[in-house]
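Okay, so here's the structure we're looking at.
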Amino acid sequence: MTHRTVKSLADAEKPEDLFRGQWQHNRTSVLDEYKPYLDQRWDEGCINAWKLWEQSVPLGYRGSYGRVSAYLREKHTSPRPVTAQPLAPRVVTRWILSRPETLTEIEQLRLKAVLANCPGLDGLTGHVWSFARMLTERQGERLPQWLDAVRQDDLPGLHTLAVDIDRERDAVIASLTLPWNSGAAEGHVNRIKMLKRQMFGRAGFGLLRKRVLFAP
């Protein structure tokens with residue numbers, strides 16, 4: 001044990017001080033997912049720990065009241081602002097690419113807060129969900145309307161996608177409308193590639209042909 005460690009333990013005024021540092025900073029908690037909601041309610045003027053704990057339970061929180069109380073006490077006593085860690089981009093991406101009805105209530109609240117602070121991302125999310133409905137509900141006739149809506153928003157990335165789709169508009173509308181697809185053909189192509197790789201490039205066309213015809 002180093003002199004610095006001994007001194008930090010000796011200077012601790014309360015038990016919580018013994019666990020400060022890198023280990024505690026990186027430690028995850030069941031409360032992490034609900035901290036943005038607590039931050040929002042705190043900013044709205046609700047600082048009663050018991051009430052906030054009761055409001056968090058219907059949202060899916062299964063932790064103890066003590067965790068909520070400790071977090072709010074830290075917000076109240078810390079000289080620096082205490083807030084939840086920023087969301088990872090991959091988390092927000094997963095929420096946007098998920099069906100809205102499959103998100104938990106707390107995920108919906110957090111996504112709503114993110115979109116409220118980023119109009120561009122809000123517009124992008126609307127277009128993603130609209131395209132997903134066209135795809136899953138076979139509504140290809142709505143594609144021209146979707147393209148017009150995309151062009152009206154200041155989203156350069158989507159504009160590029162819209163141009164590419166517009167070049168093959170008839171084919172894309174057909175793919176979003178008709179029940180047929182090229183899945184079977186793609187499956188056979190992948191199977192042939194797999195058989196070819198298995199032979200390590202050491203066999204000619206004759207053997208490959210026989211394997212394609214007779215391999216299970």
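The values are calculated or read from the model by the stated rules, or taken from the named source; none is laboratory data. Note that the structure is predicted; figures quoted are calculated from it, not measured. Counting neighbours? That spans all protein chains shown, and the Cβs are built from the backbone with ideal geometry, glycine included.
The table for this structure:
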item	result
Any hit, segment 77-97, residues being over 13 Å from the mean Cα position of the chain (by Cα) and small (Gly, Ala, Ser)	yes
Failed item, numbered, when Pro179 is tested on (1) surrounded by 11 or more Cβ atoms within 10 Å (Cβ to Cβ); (2) not in a helix (DSSP H, G or I)	(1)
Qualifying residue in segment 190-208 (condition: in a helix (DSSP H, G or I) and closer than 30 Å to Pro100 by Cα)	no
Unique match (being charged (D, E, K, R) and closer than 30 Å to Gln40 by Cβ) among Asp153, Asp148	Asp153
Extreme residue, farthest from the chain's Cα centre (by Cα), among residues of segment 24-63 that are loosely packed, with under 12 Cβ neighbours inside 10 Å and either in the same structural domain as Leu109 (by TED's automatic domain parsing) or part of a helix (DSSP H, G or I) (or both)	Trp50
Of residues in segment 176-195 being modelled with pLDDT under 85 and polar (S, T, N, Q), the one farthest from Gln145 (Cα to Cα)	Ser182
